[in-house]
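What follows is a single structure, written as C-alpha cells, with notes after it.
The values are calculated or read from the model by the stated rules, or taken from the named source; none is laboratory data. Owing to the predicted nature of the structure, the values given are computational and were not obtained by experimental measurement. Because the Cβ atoms are built from the backbone with ideal geometry, glycine has one as well, and the counts that use them run over all protein chains shown.
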Amino acid sequence: MTVAELVDGPLWTVALTVFVAGVAWRLLVLIATGWKRDLSHPRSGSLGGAIRGVVGRFLPSQGMAGRLRLHLVAGYLFHLGLFALLFFAAPHVDFYRDRLFGFDWTPLPHWAFILAAEAAFLGLLMLWLNRVLNPVTRLISESGDHAASVLTFLVMLTGCLALARSHETLRLLHFFVVELFMIYFPFSRLMHSFTFLLSRAAQGAHYGRRGVRV
Amino acid sequence: MNAYGLLWGLLLALLSTAAQAQNDTPPQSGIWIPNPGADLWKAVRQRGQPEPSTTQVQGLDSNQLINVAGEKFRDWRRERFIRYAAYLLAGVPVVILLFHMLHGAMKLEPSGRKLLRFDLYDRVAHWLLATVFLFLAFTGLLLLFGRFVIVPWLGLDAFSPIASASKEGHNLFGPLFLVALLWVFLRFVARNLPAWRDIVWLLKGGGAFGGKHPSAGFFNGGEKLWFWSLAVFGLLLSLSGLLLDFPSYAPSRELLVLALVVHGAAAVILVAFSFGHIYMGTAGVEGTLEGMRDGTVDANWARQHHDQWYAEMVREGRLEALSEAQENRAETTTGQLEEGRT
C-alpha cells in the first residue's frame, strides 16, 4: 500500500470514525451528566435565559469591550473566515459531494474564497500572538491550547499551499494533516466548536432562572 | 588522361553544377520550398513588420507568443539579479558574524527594575508583521534561488511541488503583509519621527565606534532607519506584489517587469536589513528581546541605550511607581504596567 492509498483510504476512515464517534460520545456524556437540581424559586424563565445566553455572548459585555477589542476582532475574523473556507470553498464542496454527502451546494467565488482565507489567517495569527504575548492568556494557556492552534494553522497552511490543485503531493499533505486534526479534535479544546452552544445555553438558563441579566 | 580520370572529372563537374543550382535557383520541379524555421520564428518573435495576431484569450499581450524584451529581462534576472542578491544575502550574515566576533554582545547588568516599553498592541502588531515577513521571505527566497539550490540537490520532480506551494503561500500571505505593515506603521510612526540626535547616533555607529554610547530617545537612529526602510521598501514590496498578484489589471507588460524588479530588489534589501535587526534584537544587545516579548525592559537597559527616554520616564515618575510596587512584592504583570501607563 502506498502512502497515497493509506492517506486516501484507511487513514481517512479511521479519522472520520474517531471524529464522529468521539464528538458524539463527548456531547452525549455532557448532556447525560446534567446538572444539580436547582431548588430555588424561579424568578424568570430558563428558556429565555438560555437563548439570551447563546445569542448575547456573541458580543462582550460593555465593561469588557475595551479590553477585549483585539480578541473580538481577531476572533470574528478567524471564525467567520474558517467557517466560510470549511463549508464554502470550492475544493471542499467538491470533496463533500464526492466523499461524504453525494450532493453539493454553491461554493464561494474564488475572490471571496481568497478573502475568507486572508481573514482566517490574519485572525488566527493575531489570536495566537495574543495568547503568547498577553501575560494573562499566557498564564492560563496550556500545551493543549497551543497544540490546537498550531494544528489548525497547519491545516489551513497546507490547504493554502495546495491551492493550485496541480500537485498530488500537496493535496495528500493537506489531507493527512486534516486527518490528524480530526483524530485530535474530540480529545481537545477544539471541542468548543460544539460545546460553546451547550455551555452558553446552560449558563444562560441558570442565570435566567435566577433572574440575573448579563 | 585515362578513362578513369575523365569519368571523375565529369562526375565532379555534375555535382558542382547541381549544388550551385540548388543554392541559387528553385529546383527544376518548379516548387520552391523556403526554410520553414526561419520564417516561423521571425513571425513568432514578431520581428520586422509584425502583423497583429488574434486570439480569444483575454489578457495582457496574450496575442504575442514570444516577448523578446521579456526574454532579455529573464536573462538579466537569472544572470545578474539573482547572483548579486545571493552575494548580498550571504555577505550580510558574514559581516554580522565578524562584527560579533570582534565586538561581542552589548552586555547588560540587570537592575531588577522594569520599565514598560511596548504595550500588548505594539507587540502583537510587531510579531504579526515579523511572522508574515519571515514566511514571505522564506517562500520568496525559495522561488528566487530554488532553481539553483533545490533543483541540483533534490531534482526537478521534488522542486515542482515546493515551487508551487511557495508561490501559492507567497501570493496568499502577501496582502497580510500590507495589513500588518500598515498596523505597525500607525502604531510606531509617532515614536520614529526623525530628530537631529539620530544623525549623531548614526554617525557614531550607535557607539560601536568611539566608545561612548550616543544619546537616544524612545528609538535610536538605527531603529528609525530600519523603521523607515521597512515603511518605504515594505510599501514598494506590497504594491508591486499586489500588481503581480493580479497581472491582468496591469496596464502594460513593461509595468509588470518593473514590478518584478522592484519587488525583488525591495525584498532582498529588506531581508538583508532584517538580519541586522534580528541580530540586534537577540544576540547583539542583551535585554532587547525582552521588551518585545514581555513588553518591559530593565531600567539599566533603558539608561544605557535610550537615555533620553529613560530620563523622561524617571521625570514622569514611572520608574519610581513601578519600583515601589516591586518592593511591596506585588506581582507586577504587564497588564498592570499598561494600566499604569494609561
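Some observations on this one:
- Against the test of being modelled with pLDDT under 90 and under 23 Å from B:Val124 (Cα atoms), the options B:Gln336, B:Gln326 yield a single qualifying residue, B:Gln336.
- Here B:Phe133, B:Phe148, B:Phe81 are screened, and the one residue that is farther than 30 Å from B:Arg45 by Cβ and out of contact with any strand residue (DSSP E or B) (no Cβ under 7 Å at 6 or more places or on another chain) is B:Phe133.
- Qualifying positions in segment A:28-72 - assigned to a loop (DSSP other than H, G, I, E, B) and either within 20 Å of the chain's Cα centre (by Cα) or acidic (Asp, Glu) (or both): A:Asp38, A:Arg57, A:Phe58, A:Leu59, A:Pro60, A:Leu68
- The residue list B:Leu182, B:Leu156, B:Leu172, B:Leu193 contains one member that is under 22 Å from the mean Cα position of the chain (by Cα) and either more than 19 Å from A:Met156 (Cα to Cα) or more than 10 Å from chain A (Cβ to nearest Cβ) (or both), which is B:Leu182.
- Elements of the type helices (runs of 4 or more DSSP H) sitting completely within segment A:73-182 and holding at least 2 residues that are more than 13 Å from chain B (Cβ to nearest Cβ): these cover A:90-95, A:143-161.
- Residue within segment B:160-167 that is of a type outside the set (S, T, N, Q), more than 14 Å from the chain's Cα centre (by Cα) and more than 9 Å from chain A (Cβ to nearest Cβ) present: yes
- Checking each residue in segment B:100-124 for being of a type in the set (Ser, Thr, Tyr) and away from chain A (no Cβ under 14 Å) picks out only B:Ser111.
- Checked against (1) of a type outside the set (Ser, Thr, Tyr); (2) crowded, with 17+ Cβ neighbours inside 10 Å; (3) touching a residue at least 24 places away in the same chain (Cβ under 8 Å); (4) within 30 Å of B:Leu319 (Cα to Cα), B:Ala85 passes all but condition (4).
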